[in-house]
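What follows is a set of notes on a single structure, which appears directly below.
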Amino acid sequence: SVSLLLDRGCDIDRIATRSHNYGKSPIFFAATRGRVAVMNLLLDRGADVLIVNNKGQSVYSLARSHVKQSEVVRRIQEMERGQRQQKMMVQEGKQHLNDGWTDYSKTHSDGNVYGDLDLRFLGRPLTEDDTVEDGIVNGTTKASRRGNFARNNPSSSCTSWNNKHDDATKAKKKTRQPAREELTKEESNVLDMYWEDVRVKLIHDCDALGVFTKILEIVRFMETLKIQSRWVVESASRLDFMVRLEQTLGEIALDYSDIEHHDSTKDLQSVLTDAIVFCGENGNDRHERLAKRILTKAVEGLNGINRKDQTTSQECKQLEQCWTVAEGALKNNELKDFFISLITIVVLCDTKEYSWMSESSIRLHDMLQTYSADAATKAVMAYCDNSSNRYVLLLKKMLTKTSDNPNINSTRQLSTDDPKMVAVVERKAKKKGHTLPDHYKLVIKSLQKTMVPENNDHIIPTWKVLMPQSPSSNGETKYLSLPQRPKWVSSCKDLLSLQAELHATTNGPDGSGQILLDNFIAFDSEFRSDKDGITRLATIQFSILKDGVPLAWVVDLHPDPSDDLYSTMTCDMLRWVFVESNARILGFAHHHDLQLIASYIGEGIIPSTAKFLDLQTIAAHKMTGNGMPSLPGLKTCCSHWMHDGNDTTSWSLSKREQCSDWARRPLSANQLDYAGLDAAVLL
């Protein structure tokens, strides 16, 4: 900026002319602010350093006191010598010395006492109170400069004005009304009316100018209220939600003939982009700048809007309205409206990082139980089965969680700091008589026998195999890791090798009929979201035990589209593992995984058969006795059971790569380790 101003003809030696800074040229101001780069630029352009301001300070004395870099001070001293030799003529109207200095302290002094004075131009005898160092009289520091003028000049009019100004500021702060963070009910209703106008202009009219005008009205309304909240980001989030919901409902309308909706081909993002144009480019109007920020963040979508762990008060209000509409539709048996209301809830919650799926499943379960709405559940599931839209698949997952967990009514978000509430829920769950499925009990009982050393000729695995031995202090969190890196499976040869290992596991070591942990196959999968909004499998991970050590494979399910042979062999192997074989399969909350695998191989998979064990169900049962007050995540389960003797070190399962890009090829080493470990810890 300084370079541009100089190039445009600004005077590099133009001086200030107010009473308390008379004679200060740009390099003076750069020195007092410690802007070394600006000082060097001005010196390069030939700034005059033979000036003394009306306080008795020179460029050298200020630089010596304010700037820590000795190089720029040395440059100033060299330029002083050079300019003194050149400045032998006196410019008209300026006081001068024989060597070319311009001293404004003799002509425009304000009579106050200052520090950082140049000894050469002191103009008075030194006193016992003066300190001199490197030709600087009464040099200052950053700490001593605070309040220094007032201490040295208590009777100055400037000091008196500052004191009065401070008193007035304090009095103003006392009388100022505290900033509000929430809207009143009336204000909230007015804001809803504004947003309804935005929706009409955007959805019905596709009117970019109308959208801009209405957003500008919202900005002016919120600015008038002086609400102390992140309302700009919240407004962008609300606009983004409006667009995502409309696009989702438009796509769903194509799948269902009985759902009427507006034209799904409308490009609402283009309408918002066009609305930004009306904000102008000069940036002089604050309201227009804020409107532009809202529109820009909404166009950028989730990349422009911070994903917050908790919902805002406005979003909570929207969510409650959606649930109210859903309950009313269910009560009146209006199944289409019930389905659309649930989709709206999913679209609204999907931008959040907190566990909204579990909370929504609980609430939906309670609602369905209240109205005994089994038919409604089947109808909504039928709607979900006919669409591949991402939000429809999430709703299907939510319904599956609701129907798969008979004790979900006890799954509450309770604080661990409230043991009384936890105990109440556990007693209710026990009274309700929750038990594990029979084949789960059979497997657990058999494994308990074979895991006793005297009853087992094989190596019994322990948690320590996943605990790397590295020095650490007690209490430090350490992360689990596999003893050896998972194998990446991306060729037909790799598939044949993996299938041979899995065959050997399912055949078993002997014909005793015992259930051994060595005969289990643990699996997990990672997903990718394609541009069409559909969630598909990216990888599937398998893990087996060999001599007490977990081995892991990560299978590529997003290969080169032209490699038909690899895709065919992958489908055949997955069909054998999950449908045809007698393998015992370990998963964790695996219903959604199995649904995607079934779609991948084109054949149905029944999760309730005896070959599948969901360790989340077992963990919830074991971690809380016979009750199920929560459905624990895999990380929580590992932390609950994992101990290393008397060591107080906390061991944890890292989830850092959970939301990484699983469609990328090749996967990073961290992604491979994460994927393989998620399957191995199940064993």
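Each value in this text was obtained by applying a stated rule to the coordinates, not by laboratory testing. This structure is a prediction, so every number in the text was calculated from the model and none was measured. Heads up, the Cβs are rebuilt from the backbone with ideal geometry, glycines too, and the neighbour counts pull from every protein chain shown.
A few notes on this one:
- FRET efficiency for the Arg45 to Gln269 pair, using the beta carbon distance and R₀ = 51 Å, is estimated at 0.60.
- Karplus (6.51, -1.76, 1.60) ³J(HN,Hα), θ = phi - 60°, over segment 364-379, in Hz, Gly and Pro reported as x: 5, 4, 4, 5, 5, 5, 4, 9, 6, 9, 5, 5, 5, 4, 5, 5
- Within segment 208-225: backbone nitrogen closer than 18 Å to the His287 label point (7 Å, Cα to C-beta): 209-225
- When each of Lys106/Lys142; Lys378/Lys401; Lys487/Lys546; Lys336/Lys378 is checked by Cα-Cα distance, pairs over 18 Å: Lys106/Lys142
- Given Lys201/Lys292; Lys441/Lys655; Lys441/Lys611; Lys396/Lys441; Lys464/Lys622, the pairs whose alpha carbons are separated by over 19 Å: Lys441/Lys655; Lys396/Lys441; Lys464/Lys622
- FRET efficiency estimate (nearest 0.05) - Cβ-Cβ, Leu4 to Thr609, R0 60 angstrom: 0.20
- Nonlocal amide H pairs with Lys487, under 5 Å, H built at 1.01 Å: Ala552, Trp553, Val554
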